[in-house]
Amino acid sequence: MEHPDTHVRTANWRSERARVAALSRDRAPDDPKLIAARRNMRALKLTDHVQKALAESPPLTTAQRHAIGALFFALPVEATQ
């Protein structure tokens, strides 16, 4: 079953993808605004994938939720955020 706001999230991702494309035209690959837009686009896409996977799968156990959630804490966190 499709999540009710799937179309909104997809539109947000497409909008952010268009923003990345526009910024890519005249900015260096290491430009902070371009990097932030790419990060946001990837986060929106990841959110879509996770929500779709959760909607299509049986409920996770508490241990599974903790193990998956721990993956986010294992990632390096940027000091500027």
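Any read-out appearing in this document is the output of simple, stated calculations on the displayed coordinates, not a laboratory observation. What you see is a predicted model; the values in this text were computed from it and never measured. Positions of Cβ are backbone-derived with ideal geometry, glycine not excepted, and every protein chain shown enters the neighbour counts.
Quick notes
- Qualifying residue in the stretch 13-21 (condition: in a helix (DSSP H, G or I) and in contact with a Ser or Thr (Cβ under 9 Å, 6 or more places away or on another chain)): yes
- Qualifying positions in the stretch 19-53 - exposed (fewer than 13 other Cβ atoms within 10 Å of the Cβ) and more than 15 Å from the chain's Cα centre (by Cα): Ala21, Ala22, Arg25, Asp26, Ala28, Pro29, Asp30, Pro32, Lys33
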